[in-house]
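Accompanying notes for the structure given below.
The values are calculated or read from the model by the stated rules, or taken from the named source; none is laboratory data. Bear in mind that the values here come from a model prediction, so they are computed numbers and not experimental data. Note that we place each Cβ from the backbone using ideal geometry, even for glycine, and neighbour counts take in every protein chain shown. Protein only, heavy atoms only, side chains kept; ligands, DNA and RNA dropped before computing areas. Shrake-Rupley method; radii C 1.70, N 1.55, O 1.52, S 1.80 Å.
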Amino acid sequence: MLSQRRFSMIFGLAAIVLTSACSHVNVPVQVTRPAEINLAQYKKIAVGPFQGKRDVPSNVFEALVLAVQTLGDAAKSSNQAFQNSWQGQKDDGSDVAQNVFNSLTQTGRFSMIDFSVIPNARASGDAVLMVSGTVADKEFSSRVTSEQKKTKEGAPYTRFTRSSEAIYNVNIKLVDISTGAIYLSRRYPCRRSTSTTQNDKRPSKLGSREIHELYDECKGEIAGAFAKAVAPYTETVFAAFAKIEESPATEAGISHAKVGNWDAAIASFETVPATQSMAEPEVQAKTWWNLGLAYEYNFQFGKAQEMVQKAYGLYPDSRYQMEMHSIGLLQKNQEKLKQQEYKGDEAAVPAGS
């Protein structure tokens, strides 16, 4: 009897989970986030010297300068020449510069310039930035642990696990060329780890190529994090539209949302509340919730808040309350993005002003 009751409880919980999962449709939406730093007055940026671990001077900095000069204006559309100049796996910081260069180029926010214009920029007061840095820490460690185990037949064996970790920390500085104003000076830390197991034998040590792969992952992560600090970026979020039984307009609205046609989605969702006026409060709330989400991602934030507030008034679901907060954040992000639009080569504003 107890077993049967447990089965019924588990089945009931599973049914609730499945019903909840099937009652919403997660629609991916591309959302642009603002940069951490407002660099609206800048369009030109140069990737400067990146020194190796513990301030070891870069032996290939001159080659880096030459590579960037070779690219010139073509850097925005193609950086094949730059790629051919660097093979990666350098200890002196040159490959960190490559990752930063690539990440900044991919944002489309800045024009990458060569170093020959820097003296003129300093003299003329042009708004030009230079990013440079130092590989502060580069460490690798590996250790082996063991655990006594038994097979299904009861035979003893030893399971060995080798845990390896790469630490790669980079200090990055962003400076205005003409004024000397420092816009960013920050350490970007990164750790990458991996483990392997083997029975009755210690796993082999990682080879140099595998170790470099861990370091390379860190370099890409650090460069990407820096790019997000100075340029707007796009990420995917999911809008959870509620399903409503026997509501073709709801299905149509969700279909329009999937392809990003928010005007059409709003038009479809607007017709649904009237058809569900006699439904349970939870269902009525879903009609306003869907409309609120469509308004939100169409950047009509006042209407979005109003619709989600109606949903919450009918059925106080915590998700509705959290979404009202999310709408406010998205609105602030959009305002920041407008402030971060490039405004032409105006006189640079000193850092902190």
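Of note:
- Inter-residue pairs, beta-carbon under 9 Å, first charged (D, E, K, R) and in the range 202-215, second exposed (fewer than 10 other Cβ atoms within 10 Å of the Cβ), 6+ apart: none
- Leu104 vs. criteria over 30 Å from Leu206 (Cα atoms), surrounded by 18 or more Cβ atoms within 10 Å (Cβ to Cβ) and at pLDDT 90 or above: yes
- Output for the range 1-57, where each listed residue is under 30 Å from Trp289 (Cβ atoms), of a type in the set (S, T, N, Q) and modelled with pLDDT under 50: Thr19, Ser20
- Filter result for the condition that a residue is at pLDDT 95 or above and under 23 Å from the mean Cα position of the chain (by Cα), over Ala240, Ala249: Ala240
- Residue pairs whose Cβ atoms lie under 9 Å apart, separated by 6 or more positions or on different chains, with the first residue in the range 247-261 and in contact (Cβ under 8 Å) with a residue 12 or more places away in the chain and the second open to solvent by 70 Å² or more (accessible area, probe 1.4 Å) and assigned to a helix (DSSP H, G or I), are Ser247/Thr275; Ala249/Glu270; Ala249/Thr275; Gly253/Glu270; His256/Asp263.
- Sole exception among (1) in a helix (DSSP H, G or I); (2) under 26 Å from Glu36 (Cβ atoms) for Phe299, by number: (1)
- Evaluation of Ser185 against the conditions (1) of a type outside the set (Lys, Arg); (2) in contact (Cβ under 8 Å) with a residue 24 or more places away in the chain; (3) within 17 Å of Ala136 (Cα to Cα) shows that the sole unmet condition is (2).
- Where a residue in the range 156-167 is farther than 17 Å from Glu217 by Cβ and among the aromatic types (Phe, Trp, Tyr) and its partner, wherever it lies, is open to solvent by 30 Å² or more (accessible area, probe 1.4 Å) and not in a strand (DSSP E or B), with Cβ under 7 Å and at least six apart: Tyr157/Thr151; Tyr157/Asp200; Phe160/Lys201; Phe160/Arg202
- Count - residues of the range 287-343 that are under 17 Å from Ala242 (Cβ atoms), more than 20 Å from the chain's Cα centre (by Cα) and not polar (S, T, N, Q): 24
- Residue within the range 280-292 that is open to solvent by 20 Å² or more (accessible area, probe 1.4 Å), in a loop (DSSP other than H, G, I, E, B) and in contact (Cβ under 8 Å) with a residue 40 or more places away in the chain present: no
- Among the residues of the range 252-264, those identified as surrounded by fewer than 16 Cβ atoms within 10 Å (Cβ to Cβ), of a type outside the set (Lys, Arg) and under 24 Å from the mean Cα position of the chain (by Cα) are Val259, Gly260.
- Subset tally (residues that are under 22 Å from the mean Cα position of the chain (by Cα), closer than 17 Å to Val131 by Cα and surrounded by 15 or more Cβ atoms within 10 Å (Cβ to Cβ)) for the range 165-185: 8
- Any chance Ser146 is open to solvent by less than 30 Å² (accessible area, probe 1.4 Å), at pLDDT 95 or above and part of a strand (DSSP E or B): no
- Residue match in the range 154-164 (condition: surrounded by 12 or more Cβ atoms within 10 Å (Cβ to Cβ) and small (Gly, Ala, Ser)): yes
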